[in-house]
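Colleague: The following block contains the structure, expressed as structure tokens.
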Amino acid sequence: MHQRTTVLTLLLPLLAGAQASAHFHLLIPERSGAKQGHKVVFTYAFGHPYEHEMFDTEPPAAAVVLTPNGKTVELGKALEKIAIAGREGKEVTAFRFTYQPTERGDHVFLFTSPAVWMPEEKHFLEDRTKVILHVETQNGWDREVAPNKPDPVEPAEQSSEILPLTRPYGLSPGMAFRVEVTGLRVWKYPGRPRQSANVELPMHRALVEVERYNSAPPKELPADEQITRTARTDALGTATVTLTSSGWWCIVALKNAGRMQDRGGEQHPVIQRATLWVHVDEPVRGKTGE
């Protein structure tokens, strides 16, 4: 336990400064909703969403969709490697796939990245990136794709996932949006015999980052604090953010993985992130009553 505590302590400054990097995995469909049987193209990429600076993307370690009937479908074979415009006009690698929903309801996509080395920050990033495709009827938008099942005796590392507590479509600019971050809690026995009831305790409060995606590089960039917004989850693992304009937004929760990974004979920390992409619609302007 002492070794784990030491690793977590060393990682705290890294999490505090993680905002400066703002590298995120993008998992964006061409539209947020579709009709049953209609094809939808998704893009999976890596870069700075607000600045629209894309970098080479490694293929996901896992790619699945949870359908409205609760079935998990592998998507890895459907991925097509493509070239997109990157920084300074250079082409970079991304991935694309086409999905055709065969049933009505909410289809939840979750892509897990391998550990991506960040040379400037000197740490690895492991991302679980999620997006929800709405197909005609509301069913399953708040489901967890890969529920964690912690050992009830010994604390175990758990991967995080963001669960929307607010419906993640049909949103208007300025709406408050609530999420829950899973995988922040561990099971422990409070110094009593193992036969007694165990309790669930919070591991820590996760840092939450929020950033808007621009489909083209902005002509001028605001200050960093206006590009990437930050908050903390509360003791229950929930957070509330405000999505102020229309378009695609990512909500990203960071936590300590509590372990190191080797690179060139040196050990470097691993930071795990859970990302949820949501779309905010254009303002609805209905007719006023007389």
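Colleague: For the stretch 215-246, enumerate the residues that are exposed (fewer than 14 other Cβ atoms within 10 Å of the Cβ) and either at positive phi or in contact with a Lys or Arg (Cβ under 6 Å, 6 or more places away or on another chain) (or both).
Modeller: Hit for the stretch 215-246 is 232, nothing else.
Colleague: Here is a list: 10, 14. Which entry is modelled with pLDDT under 50, touching a His at 6+ places or on another chain (Cβ under 8 Å) and either in a helix (DSSP H, G or I) or under 15 Å from residue 121 (Cα atoms) (or both)?
Modeller: Details: 10 fails: touching a His at 6+ places or on another chain (Cβ under 8 Å).
The match here is 14.
Colleague: Sticking with this structure for a sec: Can you find even one residue in the stretch 214-229 that is more than 30 Å from residue 87 (Cα to Cα), more than 19 Å from the chain's Cα centre (by Cα) and at pLDDT below 95? It would help to see each step written out before you state the result.
Modeller: Going residue by residue through the stretch 214-229, those that are more than 30 Å from residue 87 (Cα to Cα) are none.
The answer is no; no qualifying residue exists.
Colleague: Report, ordered by the first and then the second residue, all pairs with beta carbons closer than 6 Å, sequence separation of six or more or different chains, a first member in the stretch 100-123 that is polar (S, T, N, Q), and a second member that is surrounded by fewer than 22 Cβ atoms within 10 Å (Cβ to Cβ).
Modeller: Every condition considered, the pairs that remain are 100/39; 112/61; 112/62.
Colleague: Let me ask something additional. Looking only at residues that are part of a loop (DSSP other than H, G, I, E, B) and farther than 22 Å from residue 220 by Cβ in the stretch 32-52, which one is modelled with the lowest pLDDT?
Modeller: Among those residues, the one meeting the criterion is 32.
Colleague: Follow-up question, since we're still on this one. Restricting attention to the stretch 53-76, which residues are hydrophobic (A, V, I, L, M, F, W, C) and part of a strand (DSSP E or B)?
Modeller: Taking the stretch 53-76 and keeping what is hydrophobic (A, V, I, L, M, F, W, C), we get 54-55, 61-66, 73, 75.
Within the stretch 53-76, 54, 55, 62, 63, 64, 65, 66, 73 qualify.
Colleague: Hey, another quick one. How many residues does the stretch 239-268 contain that are in contact with a helix residue (DSSP H, G or I) (Cβ under 9 Å, 6 or more places away or on another chain) and free of Cβ contacts under 8 Å to residues at least 40 places away in the same chain?
Modeller: The qualifying residues number 0.
Here is a yes/no grid of residues against (1) charged (D, E, K, R); (2) exposed (fewer than 15 other Cβ atoms within 10 Å of the Cβ); (3) modelled with pLDDT under 95:
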residue: 54; (1), (2), (3): no, no, no
residue: 59; (1), (2), (3): no, yes, no
residue: 63; (1), (2), (3): no, no, no
residue: 80; (1), (2), (3): yes, yes, no
residue: 88; (1), (2), (3): yes, yes, yes
residue: 92; (1), (2), (3): no, no, no
residue: 109; (1), (2), (3): no, no, no
residue: 119; (1), (2), (3): no, yes, yes
residue: 125; (1), (2), (3): no, no, yes
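The values are calculated or read from the model by the stated rules, or taken from the named source; none is laboratory data. What you see is a predicted model, and the numbers here were worked out from it, not measured in a lab. Cβ sites come from the backbone with ideal geometry, for glycine too, and all protein chains shown count toward neighbours.
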